[in-house]
Amino acid sequence: MDADFPAPHLQDILDHLPTRPGVYLMKDTQGQIIYVGKAVNLRSRVRSYFQPSTLKGSIRANKIARLVDNIADIEVIVVDSELEALLTEINLIKAHQPFYNVRLKDDKRYPYIKVHWQEDFPKVTVTRRVARDGARYFGPYTNARAVYETLDVLRKAFPYLTCDREISGQDERACLYYDIKLCNGPCIGAVNQEEYRATIQNLMDFLKGKSGDIMEELEQRMNDAAEQLNFERAARLRDQLQALDAVVQRQKVVSPMHVNQDVIAFAREENDAVVQIFFIRAGKIIGREHYVLEGTADENEEEIVAGFMKQFYEQAQDIPPEVLLPHELEEAQVIETWLRTERADRKVVLRVPQRGQKRELIRMASENAAETLGMLRAQWQADTHKQESALNEIQTALGLAEPPNRIECFDISNTQGTAIVASRVVFVRGVPRKSEYRKFNIRSVTDHGDDYASMREALDRRFSRWLESQDSSNHLPGKKTDPSWQLLPDLLIIDGGKGQLGVAVEVLKKFDLFGKVPVVGLAKQREELFQPGESRSILLQRRSQGLYLIQRIRDEAHRFAITHHRKRRTKMGVASQIDSVPGVGPARRKALLQHFGSLKAIREASEEELATVPGISSKLASIIKAEL
């Protein structure tokens, strides 16, 4: 082992670590957080990473060795208890998604069913954001399509609102949903508030797994209606029962004891891992979800399960009193405390069953996880084959020395010369890497119709940052830089024809990169690719994987540029309207927008409210009110 291991500045940090509970953040040379952990004793825990005994012999040894090799700095946060350390660790992992932590693969938010219970007449919607707003949330789910399909069925049994009407019960006419029996018409007084909320309460109970009592009640009401010769109502209740039965038939009874449990198991192969979770409510499996994990290579089973639980239950809304696990966890006690005090407001027990029905549930979940992982790996391999085929086709067509694993594409967006923006999208091995998408607000172009000058500025700024990243002074520990600027593309695509391509060639020559970075121009009309110095264009074969990839990259660059352009144009529109008011400059405009939040709110504010903003006198408030 290196005589200077660990490096002197790291050894100094290790020598002065506190012995209190806390969280440690390990960073690389770019200042990026690559691992977050918690400890009861920070000094003991962090120093253990650098002990020879830790770097050999265990299943985690390879992972720890790779982590330690990349540590350039260590930061610690001291807290008062292990529970507080756990909470801080969860929040930091969620915020930074460190490379060496076990983490949920998708950076998107998962969908939830949201019941707007805080409203007098609650709507039911699907959302990807959970807020403390008095609503009831069910999820998270991994399959948005399945969520909508489930709601389509449940709406037949529990008609609910989706519109934004203000419900008074006095409307003359209901909407189409009332006519097709998907809303029970509180807007026209067909049901009152109490009756409507009772329907929504039944829907929530059903989502919680309490289907038996609800179906018995509906059946009794159907029979009563039939006895009273109210056949229309009886038929409607019959349809509701059939809709619910379609959902219940997919639910498997696993316990006659009406228990509420989550069952967690996982499977992994090579560097891929999938967690399967069964949701058991009232003794029935009411749903199951799988989650793909990253950061599991050379990780032990205990860390994989604990890492998943901390991220999943940080966002889960329905936590049962018992969670069945395949392995004992070192952190079990503190996780139980966290779930009880912070998430469920009641006792939650983690169990590792050794025999009997509960052990059978673990086995069943493990088998499902293995089957799911097998299907996903087959899908990923098929996708990888398509991507490799596409890159090989592009390599051959353009005469490149290697397949272009890293492709960058630039596009310009403007409307009548206003709010000009450029976008850069990045595809790595045929897959979009959205974390490296970047946008450029074009500042130097005075002729707003000059797309060539706009492209020149964007490319100049991109490669200027590459040049700056080569300076070793920018790699000081703790100094944050954008690592995506350090990498040169294997292929640079310019959205435009020969003129735009010429601009790109000029910029590459300026940075002595022409010939080192292959570049092509992509003309929109015939999907033609132009290379520097070539008069004839290249047309990839129609319906080829290579053409599909080029089109996807171009479309993604265009979408990203347009999205940012619209936001900027909207912002400029608001700013210009406020700036047109005599006496209001950038500072007062900023103060008004910070105080009221939008142009609409400023317009609606009274003179007295406007005058409460710093820098806005009563006289100026009167002018603003009159002008806007």
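The values are calculated or read from the model by the stated rules, or taken from the named source; none is laboratory data. Just so you know, these numbers come straight off a predicted model, no measurement behind them. Positions of Cβ are generated from backbone atoms using ideal geometry, with glycine treated the same way; all protein chains shown enter the neighbour counts.
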Open item on the list: Can you find a residue that is under 30 Å from Ile538 (Cα atoms), of a type in the set (Ser, Thr, Tyr) and assigned by TED's automatic domain parsing to the domain that holds Asp555 anywhere in region 369-391?
Closed with: no
- [ ] Considering only region 142-192, state which residues are in contact with an Asp or Glu (Cβ under 6 Å, 6 or more places away or on another chain) and not aliphatic (A, V, I, L, M).
- [x] Thr142, Cys187
- [ ] Go through region 147-196 and give me each residue that's part of a helix (DSSP H, G or I), within 25 Å of Gly209 (Cβ to Cβ) and in contact with a strand residue (DSSP E or B) (Cβ under 9 Å, 6 or more places away or on another chain).
- [x] Val147, Tyr148, Thr150, Leu151, Leu154, Arg155, Tyr196
TODO: Test Asp447 against the criterion of being under 22 Å from Asp512 (Cβ atoms), surrounded by fewer than 16 Cβ atoms within 10 Å (Cβ to Cβ) and at pLDDT below 85, and give yes or no.
DONE: no
Open item on the list: Looking at region 212-236, I want the residues that are of a type in the set (Lys, Arg) and have a partner that is part of a helix (DSSP H, G or I) with Cβ atoms under 8 Å, at least 6 apart or on another chain. Which pairs are those?
Closed with: Arg221/Leu237; Arg233/Ala225
Task: Top-ranked residue in region 98-122 [being surrounded by fewer than 18 Cβ atoms within 10 Å (Cβ to Cβ) and in contact with an Asp or Glu (Cβ under 8 Å, 6 or more places away or on another chain); ranked as nearest to Gln333 (Cα to Cα)] - done: Lys105
TODO: Return yes when Val130 is outside the structural domain of Glu342 (by TED's automatic domain parsing), touching a strand residue (DSSP E or B) at 6+ places or on another chain (Cβ under 6 Å), in a loop (DSSP other than H, G, I, E, B) and not acidic (Asp, Glu) and no when it is not.
DONE: yes
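Regarding Ile335, is this residue buried (at least 17 other Cβ atoms within 10 Å of the Cβ) and in a loop (DSSP other than H, G, I, E, B)?
Here the answer is no, as Ile335 does not meet what is asked.
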Task: Pair list, Cβ under 8 Å, 6 or more apart: region 444-466 residue of a type in the set (Lys, Arg), other residue at pLDDT 90 or above and assigned to a helix (DSSP H, G or I) - done: Arg456/Val503; Arg456/Glu506; Arg456/Val507
TODO: Would you list the helices (runs of 4 or more DSSP H) that sit entirely within region 11-110 and hold 2 or more residues that are touching a residue at least 60 places away in the same chain (Cβ under 8 Å) and under 30 Å from Ser469 (Cβ atoms)?
DONE: 61-69, 82-96
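Is region 404-416 home to any residue that is among the aromatic types (Phe, Trp, Tyr) and assigned by TED's automatic domain parsing to the domain that holds Ala453? Explain how you work it out, then say what you get.
First pass over region 404-416, keeping only residues among the aromatic types (Phe, Trp, Tyr): 410.
Checking the rest, the ones that are also assigned by TED's automatic domain parsing to the domain that holds Ala453 come to 410.
Scanning region 404-416 turns up at least one residue that is among the aromatic types (Phe, Trp, Tyr) and assigned by TED's automatic domain parsing to the domain that holds Ala453.
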Task: Residue within region 351-368 that is surrounded by fewer than 17 Cβ atoms within 10 Å (Cβ to Cβ), at pLDDT 90 or above, charged (D, E, K, R) and not assigned by TED's automatic domain parsing to the domain that holds Ile280 present - done: no
Open item on the list: Scan region 415-427 and tell me whether some residue there is surrounded by 15 or more Cβ atoms within 10 Å (Cβ to Cβ) and under 30 Å from Glu289 (Cβ atoms).
Closed with: yes
- [ ] Find the strands (runs of 3 or more DSSP E) located wholly in region 255-296 whose residues include 3 or more that are surrounded by 22 or more Cβ atoms within 10 Å (Cβ to Cβ) and at pLDDT 85 or above, and list them.
- [x] 261-269, 272-281
TODO: Would you please name the residue that is farthest from Leu237 (Cα to Cα), looking only at residues in region 164-198 that are touching a Phe, Trp or Tyr at 6+ places or on another chain (Cβ under 8 Å) and touching a residue at least 40 places away in the same chain (Cβ under 8 Å)?
DONE: Ile167
Open item on the list: Given the criteria modelled with pLDDT of 85 or more and within 30 Å of Ile304 (Cα to Cα), does Gln170 qualify?
Closed with: no
Open item on the list: Checking the conditions here, which among Lys123, Lys94 is at pLDDT below 90 and basic (Lys, Arg)?
Closed with: Lys94
TODO: Could you check, for region 571-585, whether at least one of its residues is among the β-branched types (Val, Ile, Thr), within 24 Å of the chain's Cα centre (by Cα), surrounded by fewer than 18 Cβ atoms within 10 Å (Cβ to Cβ) and modelled with pLDDT under 75?
DONE: no
